[in-house]
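A short worksheet on the structure shown next.
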Amino acid sequence: MDIIFKGIKTPKNSYIYDRGRNAILAVSDSEYEELEQLQKGLVKEEDSKVLKKYQNEGFLCPNTVTKIEHPCSGVLGHYLRNHVEKLTLQVTQRCNLRCEYCIYSGNYDNRKHSNLDMSFETAKKAIDLYLCSSGEMEEYFVSFYGGEPLLNLKLIKQCVEYIKSKTVGKRINFAMTTNATLLNDEAVDYLRNEDFGIMVSLDGSKKEHDRHRKFQNGEGSFDLIQKNLKRIKEKNPDFFSKITYNSVMNPDSDYRSVKTYFETDELLNSAEILTNIVESENPGEKVKLSKDYLKIDKFDQLKLYLLMLKKIDEKDVSKLVLIRARYIIRKYQEIIKKAEIGSKCHHNGPCIPGTRRLFVNVQGKLFPCERVSETSSIMQLGNVEEGFEIEKVRKLLNVGKVTEDLCKNCWALLHCNQCIRNADGKDHLSRKLKMLYCPDTKRQAYFILKEICALRELGCTFERI
């Protein structure tokens, strides 16, 4: 059958997700059953009155997708020449910590710590490339990354002065991700004066943080970070209030302890916290978190739903899950448009490589962002000397090509968030690797659609929180 849809059941009602219109249809139980029979080939299309009914309304029409192609393919050159949004400079590969799950730790086949620093000449070429490629941007965004970037504060200062000398009439936003162990008075005064946005890597309470974020001698880093943050809050409260935090969850994390710390600690109870789950070393494999984590997370998710239904106040919901509401609302807004899919389509996962978060490593090589492997030749987009290799970028942009036959007929196509990292075969885009992530991607897509159905039943208006 050439009609692509997915059945969704809640405890109250039946629904059909129509991929051709990216729409959710509320159907009767009998209609649902007939469409399920149709999908299994037990009912012929010409014999289905239900199918005819919805096709007359413009839904459940034959699949129109004949080609997997990213919609920005035709304007890729324009984006790379004019619309690079953010530059991230890897000012050093040195780090004073040895976090066990860090992508530089040696546990992952993508990069390792080294003593390499970026030269000022390389940094200038990267900045020039960015400034020449961001003419359509109203503001500039430049971020500094490591290793631990504060180990090369001298270069950061040189870069800031160089950027300021080269720009007129546009705001420049500076940012940095740091482990906060080197946030001494000199560094803080400089970062504050230049209005830096700071993200601190902090995994929760002392016990949880020190479990993985250690110095090279094996000592935990929590106490020094706390000391630095307290000093910043005392001396520079305005600067301190703008610091955000990133916490990484591991299978052995005590989520209850992490959650309690971020929600009740006097120093950080009002801070913005982002949480991420550590990535598995095995492609396509999900990290298994503890039953305690799953139980607490489900309860927090329930409270988030109650907030979206305006049954409780935001203060009663864990700030660790609030970001999920924005994702649900964004998906709902996409679905209510009921836009036709067309003949060319591509799943949502890949950004336009190099334009959202252009990452330049210490050697001047260009990558889509800081999360891809620096040891992968397929992920390298070019270099600061010669600029972008546009055909290479185009190949990454259209990563769906490696699974084109599957994507064209996948019900979850418009809700697939697969990143190019999932297909990183080091010197090629790997169909085999990408397919490993398909089952979980479909589970996530089904869950978000079911969430939307259930929330809508209960009267959710999907207003921004």
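Where a number appears in this text, it was derived from the coordinates with a stated rule and is not lab data. All figures in this text were calculated on a predicted structure; none of them were measured in a lab. Note: ideal-geometry Cβ built from the backbone for every residue, glycine included; neighbour counts use all protein chains shown.
Annotations for the structure displayed:
- Looking at the chain alone, DSSP beta bridges between its own residues are antiparallel in about 45 percent of cases.
- Around the amide H of residue 197, modelled in the peptide plane, lie the amide H atoms of 174, 175, 176, all under 5 Å away and 5 or more residues distant in sequence or on another chain.
- For residue 264 and residue 298, a Förster radius of 25 Å and the Cβ-Cβ distance give a FRET efficiency of 0.75, rounded to the nearest 0.05.
- Whole-Hz ³J(HN,Hα) from phi, Karplus 6.51 cos²θ - 1.76 cosθ + 1.60, for region 269-285, glycine and proline x: 5, 10, 7, 7, 10, 10, 10, 9, 9, 4, 7, 6, 6, 9, x, x, 9
- Sorted by Cβ neighbour density within 10 Å, fewest at the top, the residues 447, 141, 367: 447, 141, 367
- Nearest-0.05 FRET efficiency for residue 371 and residue 170, computed from C-beta distance (R0 35 Å): 0.85
- Residues whose amide H lies under 5 Å from that of residue 64, counting only those 5 or more places away or on a different chain, are absent; hydrogens are built 1.01 Å from N in the peptide plane.
- Fraction of beta bridges assigned by DSSP in region 243-393 that are antiparallel (%, nearest 5): 50 percent
- Net charge contributed by nearby residues that have their C-beta within less than 13 Å of residue 389 (K/R +1, D/E -1): +1
- Within straight-line reach of residue 395, meaning a Cα separation under 22 Å, sit the following lysines at least 8 residues removed in sequence or on another chain: 67, 86, 344, 365, 408, 426, 432, 434.
- Taking amide H atoms as placed 1.01 Å from N in the peptide plane, the amide H of residue 275 lies under 5 Å from those of 247, each 5 or more residues away in sequence or on another chain.
- Contact order for the chain, expressed relative to its length and based on alpha carbon pairs under 8 Å spaced 6+ residues apart, stands at 20 percent.
- Put simply, when 92-99, 352-359 are sorted by average Cβ atoms within 10 angstrom per residue, most first, you get 352-359, 92-99.
- DSSP beta bridges fully contained in region 138-279 are about 5 percent antiparallel.
- Were the residues from residue 132 through residue 37 laid out at 0.36 nm apart, the gain over their Cα-Cα distance would be 28.5 nm.
- What separates the Cα centres of region 135-209 and region 15-71 is a distance of 51 Å.
- Each part reduced to its alpha carbon centroid, region 354-372 and region 301-341 end up 32 Å apart.
- Extending 7 Å from Cα along the Cβ direction at residue 323 and again at residue 53 yields two label points whose distance is 4.3 nm.
- Each of 197, 163, 260 was scored by the projection of its Cα onto the charge dipole of the chain, and the greatest displacement toward the positive side belongs to 260; charges sit on the C-beta of Lys, Arg, Asp and Glu.
- Residue-by-residue Karplus 3J(HN,Hα) for region 245-253, coefficients 6.51, -1.76, 1.60, Hz, glycine and proline x: 10, 10, 10, 9, 8, 10, x, 9, 5
- Rounded to the nearest 20 debye, the dipole magnitude of region 5-63 is 200 debye, with +1 charges on Lys and Arg beta carbons, -1 on Asp and Glu beta carbons, and the Cα centre as origin.
- Karplus-derived 3J(HN,Hα), 6.51/-1.76/1.60, for each residue of region 347-352, Hz, glycine and proline x: 5, 6, x, x, 6, 7
- Efficiency of FRET from Cβ geometry, residue 224 and residue 120, R₀ 30 Å, rounded to 0.05: 0.55
- Each Lys and Arg adds +1 at its Cβ and each Asp and Glu adds -1 at its Cβ; summed about the Cα centre, region 73-291 shows a dipole of about 180 debye.
- Size of charge dipole - the chain - debye, nearest 20, with Cβ of Lys, Arg +1 and Asp, Glu -1, no other charges: 380 debye
- Anisotropy class of region 5-63 from Cα gyration tensor, a/c 1.5 cut: oblate
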